[in-house]
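Following: one structure in structure tokens, then a few remarks.
Quick note: the coordinates plus some simple rules give every number you see, no bench work behind them. Just so it is clear, the structure is predicted and the values come from calculations on it, not from any experiment. Reconstructed Cβ throughout: ideal geometry from the backbone, glycine too, with neighbour counts over all protein chains shown.
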Amino acid sequence: MDRRARAVAQMDRRARAGLSKMTARNGVRRAFSYRILEPAVRARALHLQTKQGHVEEQKGMTITAEPAILYFGTPVALVSSQNEDGSANLAPMSSVFWLGWRAVLGLSAASQTAQNLCRTREAVINLPSSDMADVVDRLALTTGADPVPDYKIGRGYRHVRDKFDLAGLTPIASETVRPPRAAELPVQLEARIEAFHSLAADDAAMRGKILTFEARIVRVHLDESIVLDGNPNRIDPDKWRPLIMSFQHFYGLGPRVRPSTLATIPEAVYRSPDVDRSRAA
Ligand SMILES: Cc1cc2nc3c(=O)[nH]c(=O)nc-3n(C[C@H](O)[C@H](O)[C@H](O)COP(=O)(O)O)c2cc1C
């Protein structure tokens, strides 16, 4: 029997047993179920085993798991909002994405920011670059809410009234909304909240605890250093270095990995009617 046939026979024996024990690179013995593998993945595992040896076999395998969070990596934003007494709040968050000139933000309903956004329907989404992780981290475990919600006390949060001051950032007036921008951050997006919903409204225990906000961008302020040469209406992704949060930790982006087929579509094609609408803001 040649090596490949021996490997196939061995895999089949393991598959019949349902569980396989393998030795990981660090020497820890771990169990994997072959029953959950799709045929293509299993074929790849076999290929790696026969061509590259036993340890490499793990690369093509999956396990089922229950991670408490699924924060695979999104940009960090500092959201400015206006408190009831007219003062400004500033909070780090990272559950955010954009489609056209709309941003979707996920925030705990108990946060001061969520309360402010529901009441005033205005915000500024300020984006730090990856060299500003220290600034962002100064705001971690703080809240503008007073009193601090019980669940946050248990996690070590404290109330801070002036978070611009704590972060060492300068509030400057926005052009279209009341919350100020953070002057030092290279991207400042003034926004109006057009809608908000409860996440997990299907679950009585979770309903109302986390809110998703749909923010319509009404003004975009960019640091000149991230703008494409010769085109002020485009951001150069080779110059823009966002701060990324992945599983509670700070990261930056690496360089571009290859040319992108999607990028053959001119960026201007994506221009939404919101851009023209924003001029009237
Ligand atoms: C880098 C970072 C990212 C965060 N991302 C989120 C998030 O996406 N959603 C959220 O509700 N809280 C997030 N938090 C926690 C909030 O900052 C925290 O709830 C804070 O108390 C909100 O401030 P506020 O109560 O003054 O609004 C994040 C914290 C840090 C440091």
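Calculate the spin-label point distance for Arg102 paired with Thr64, positioning each point 7 Å from the Cα along the beta-carbon direction, and give it in nanometres.
Inter-label distance under the simple model: 3.5 nm.
Using a Cα-Cα cut-off of under 17 Å, which aspartates and glutamates could be cross-linked to Lys209, ignoring same-chain neighbours fewer than 8 residues away?
By straight Cα distance, Lys209 reaches Asp150.
FRET efficiency for His197 and Ile172, Cβ-Cβ distance as r, R0 = 25 Å, nearest 0.05?
FRET efficiency, His197 to Ile172: 0.20.
Give the residues of region 88-106 whose amide nitrogen is closer than 14 Å to a point set 7 Å from the Cα of Arg161 in the direction of its Cβ.
88-89
How much of the calculated P(r) for region 71-145 lies past 16 Å, in percent of all Cα pairs?
That fraction is 49 percent.
Mind ordering 118-131, 190-203, 211-224 by average Cβ neighbours within 10 Å, highest first?
Highest-to-lowest ranking by the protection proxy: 118-131, 211-224, 190-203.
Hey, for a label at Ala109 modelled as a point 7 Å past Cα toward Cβ, could you say which residues of region 198-221 have their backbone N under 17 Å away?
Residues 198-214 qualify, since their backbone N sits under 17 Å from the label point.
Neighbour counts of other C-beta atoms within 10 Å: give me Arg138, Arg155, Arg277 arranged from fewest to most.
So the ranking, lowest neighbour count to highest, is Arg155, Arg277, Arg138.
Calculated FRET efficiency, Val269 and Thr212, Cβ-Cβ r, R0 25 Å, to nearest 0.05?
In this case the efficiency is close to 0.40.
Could you list Ile153, Ile235 so that the one with the fewest beta carbons within 10 Å of its beta carbon is first and the one with the most is last?
Ile153, Ile235
Using Cα positions and a limit of under 17 Å, work out the aspartates and glutamates in reach of Lys163, with same-chain residues fewer than 8 apart set aside.
Glu84, Asp85, Asp134, Asp137, Asp146, Glu184
For region 110-264, what does the relative contact order come out to in percent, with C-alpha contacts under 8 Å and a separation of six or more?
Once normalised by length, the contact order is 22 percent.
Give the shape of region 119-188 as rounded, prolate or oblate, defined through the alpha-carbon gyration tensor: a ≥ b ≥ c are the square roots of its eigenvalues, a/c under 1.5 means rounded, and otherwise the shape is prolate if a/b is larger than b/c and oblate if not.
oblate
As an exercise, take the mean of 1/r over every pair of distinct alpha carbons in region 55-211, invert it, and state the Kirkwood radius in angstroms.
Evaluated on region 55-211, it is 16.9 Å.
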